[in-house]
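The structure appears below as structure tokens.
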Amino acid sequence: MTTFADSTTTAEDLIALDERWSTHNYHPLPVVIAEAEGAWVTDVAGRRYLDFLAGYSALNFGHRHPALVDAAVAQLGRVTLTSRAFHHDQLGHFCRELAELTGTEMVLPMNSGAEAVESVIKVARKWAHRVKGVPDGTAEIVVAGSNFHGRTTTIVSFSTDQTARADFGPFTPGFRIVEYGDAAALAAAITERTAAVLLEPIQGEAGVLVPADGYLAEARRLCDEAGVLLIADEIQSGLARTGTLFALDHERVRADLYTLGKALGGGILPVSAVVGRADVLGVLRPGEHGSTFGGNPLACAVGRAVIRLLETGEFQQRSSSLGAHLHARLAELVGRGVTAVRGRGLWAGVDIAPEGPTGRAASLALAERGVLCKETHDHTLRIAPPLVITQDELDRGVDALTEVVRG
Ligand SMILES: *Cc1c(COP(=O)(O)O)cnc(C)c1O
């Protein structure tokens, strides 16, 4: 059978096809990818590009990592979906291995990152009402300004990004927003009704904002003092991106609950989870929460292969050593077309000087030079290459960036 799509092969036609039939909730670069391997993607005309975005960290292990593809293919030949109406032979292994990897006690498997965040909100509220003794329906969660936790109506209820919120109300109550990085504001926002403090240890979408040393440890201390849960959203910052398993590890801080996603699915399929304390996740009873696809056999098999890669420590190590090289090179650009660079490991936010190109223009110019990344806000580029990238490849990308920001 020949369809319109099958007979349409030029980039121009394929972009027109997308624009005609898919909703316009993204503004992609005009690159049409047909294949990918490791740190490289190939477009429909056969042109290769270095991937400097890695699917916002969903591709930490690169495109089609052989161990992950093998695990997926093997599971496709066995069983892919059972629903949680029955047990299957992957779920318990996945949950135990993820708990052991993360040093936690219990796992709630879901699919998307937003679902993990929604799940942790429900768990924290129920814990506050049933365990902490907060009157039912009054629990509050303290969050940070400039956060990004996903796109559901409840999650955008506590976003400070007007584009993400406008026209989508009415919003879910029960959240208090304080400035990110301000421990005194956090302390002032915690009350007897506070169930949890929910933070990204590094804010990716906001431009890879790293809070001042001691902020996260102080958040931990404030939560302990007030009997409040500390929840770390490590969907983007976790799973080796910053050179450690969790970004929180740099501060030697432990959260009560973590949300994981993105790289947990190995770039193959959506896999997310909440991991943490058994006495908190244990508040959920049958029928109170769930997902048809959450914890399915295929997701668990791929997730287990991801866990095996992370257990070696190789990717954490690569991010740490290559990240030091990346940041040393980016630091040289400050004052030369760049006003500031932030980040940790193979993860950087690069603020382009106001007289230089916009983030969008810089992304387009980089694509012309065979490097794919994406702006966040008007003048910031977010760099997050797959952790399988080599130092030579990294240098190629930074060379292109140097040309682009210097104009
Ligand atoms: C991407 C992301 C999410 C949402 O994940 P989705 O899979 O897109 O729903 C939540 N929190 C953080 C920190 C993220 O980076």
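Below, the figures for the structure above:
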{"read-out": "Qualifying residue in the range 100-111 (condition: assigned to a helix (DSSP H, G or I), away from the ligand (no atom under 16 Å from the Cβ), touching a helix residue (DSSP H, G or I) at 6+ places or on another chain (Cβ under 6 Å) and in contact (Cβ under 8 Å) with a residue 24 or more places away in the chain)", "value": "yes"}
{"read-out": "Residue check for Thr358: β-branched (Val, Ile, Thr) and either at pLDDT below 95 or open to solvent by less than 40 Å² (accessible area, probe 1.4 Å) (or both)", "value": "no"}
{"read-out": "Count of the range 271-291 residues which are away from the ligand (no atom under 13 Å from the Cβ), over 16 Å from Glu97 (Cα atoms) and touching a residue at least 24 places away in the same chain (Cβ under 8 Å)", "value": "9"}
{"read-out": "Scan of the range 182-212 for residues that are open to solvent by 10 Å² or more (accessible area, probe 1.4 Å) and within 16 Å of the ligand (Cβ to nearest atom), ordered by number", "value": "Glu200, Glu205, Ala206, Leu209, Val210, Pro211"}
{"read-out": "Test: Thr23 is among the hydroxyl-bearing types (Ser, Thr, Tyr) and either surrounded by 15 or more Cβ atoms within 10 Å (Cβ to Cβ) or closer than 30 Å to Pro286 by Cβ (or both)", "value": "no"}
{"read-out": "Candidates Ala116, Ala124, filtered to the one that is within 16 Å of the ligand (Cβ to nearest atom), in contact with a Ser or Thr (Cβ under 6 Å, 6 or more places away or on another chain) and open to solvent by less than 20 Å² (accessible area, probe 1.4 Å)", "value": "Ala116"}
{"read-out": "Matching residues in the range 136-155 - criterion: being within 14 Å of Leu198 (Cβ to Cβ) and not in a loop (DSSP other than H, G, I, E, B)", "value": "Glu140, Ile141, Val142, Val143, Ala144, Thr154, Ile155"}
{"read-out": "Residue in the range 173-180 that is over 21 Å from the mean Cα position of the chain (by Cα), open to solvent by less than 50 Å² (accessible area, probe 1.4 Å) and within 16 Å of the ligand (Cβ to nearest atom) present", "value": "yes"}
{"read-out": "Residue match in the range 144-158 (condition: open to solvent by 60 Å² or more (accessible area, probe 1.4 Å), of a type outside the set (Ser, Thr, Tyr), in the same structural domain as Leu198 (by TED's automatic domain parsing) and within 15 Å of the ligand (Cβ to nearest atom))", "value": "yes"}
{"read-out": "Given (1) assigned by TED's automatic domain parsing to the domain that holds Val41; (2) open to solvent by 10 Å² or more (accessible area, probe 1.4 Å), number of the condition Val338 does not satisfy", "value": "(2)"}
{"read-out": "Meets criteria (near the ligand (Cβ under 10 Å from one of its atoms) and either open to solvent by 10 Å² or more (accessible area, probe 1.4 Å) or at pLDDT below 95 (or both)) for Ile268", "value": "no"}
{"read-out": "Residues within the range 162-172 that are of a type outside the set (Ser, Thr, Tyr) and either open to solvent by less than 70 Å² (accessible area, probe 1.4 Å) or not in a loop (DSSP other than H, G, I, E, B) (or both), tallied", "value": "5"}
{"read-out": "Per-region count, the range 223-250, residues open to solvent by 10 Å² or more (accessible area, probe 1.4 Å), over 20 Å from Ala114 (Cα atoms) and of a type outside the set (A, V, I, L, M, F, W, C)", "value": "7"}
{"read-out": "Count - residues of the range 315-335 that are open to solvent by 20 Å² or more (accessible area, probe 1.4 Å) and closer than 22 Å to Ala273 by Cβ", "value": "1"}
{"read-out": "Residues of the range 249-263 that turn out to be within 18 Å of Leu310 (Cα to Cα) and in contact (Cβ under 8 Å) with a residue 60 or more places away in the chain, as a count", "value": "7"}
{"read-out": "Subset of the range 372-403 (residues that are touching a helix residue (DSSP H, G or I) at 6+ places or on another chain (Cβ under 6 Å), open to solvent by less than 10 Å² (accessible area, probe 1.4 Å) and β-branched (Val, Ile, Thr))", "value": "Val398"}
{"read-out": "Filtered residue count, the range 293-314, keeping only those that are of a type in the set (A, V, I, L, M, F, W, C), assigned to a helix (DSSP H, G or I) and open to solvent by 30 Å² or more (accessible area, probe 1.4 Å)", "value": "1"}
{"read-out": "Filter pass, Arg254 being within 13 Å of the ligand (Cβ to nearest atom) and either closer than 20 Å to Val275 by Cα or open to solvent by 10 Å² or more (accessible area, probe 1.4 Å) (or both)", "value": "no"}
{"read-out": "Residue match in the range 323-344 (condition: assigned to a helix (DSSP H, G or I) and touching a Pro at 6+ places or on another chain (Cβ under 7 Å))", "value": "no"}
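Residues checked against (1) more than 16 Å from the ligand (Cβ to nearest atom); (2) touching a Lys or Arg at 6+ places or on another chain (Cβ under 9 Å); (3) outside the structural domain of Arg318 (by TED's automatic domain parsing); (4) part of a strand (DSSP E or B):
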{"residue": "Ala16", "(1), (2), (3), (4)": "yes, no, no, no"}
{"residue": "Tyr26", "(1), (2), (3), (4)": "no, no, no, no"}
{"residue": "Glu37", "(1), (2), (3), (4)": "yes, yes, no, yes"}
{"residue": "Ala45", "(1), (2), (3), (4)": "yes, no, no, no"}
{"residue": "Val73", "(1), (2), (3), (4)": "yes, no, yes, no"}
{"residue": "Val79", "(1), (2), (3), (4)": "yes, no, yes, no"}
{"residue": "Thr82", "(1), (2), (3), (4)": "yes, no, yes, no"}
{"residue": "His93", "(1), (2), (3), (4)": "yes, yes, yes, no"}
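The values are calculated or read from the model by the stated rules, or taken from the named source; none is laboratory data. Given the structure is predicted, the values throughout are model-derived calculations rather than measurements. For neighbour counting, all protein chains shown are included, and Cβ atoms are generated from backbone atoms with ideal geometry for every residue, glycine included. To get the accessible areas, we keep the full protein, side chains included, count just its heavy atoms, and leave off ligands, DNA and RNA. Shrake-Rupley method; radii C 1.70, N 1.55, O 1.52, S 1.80 Å.
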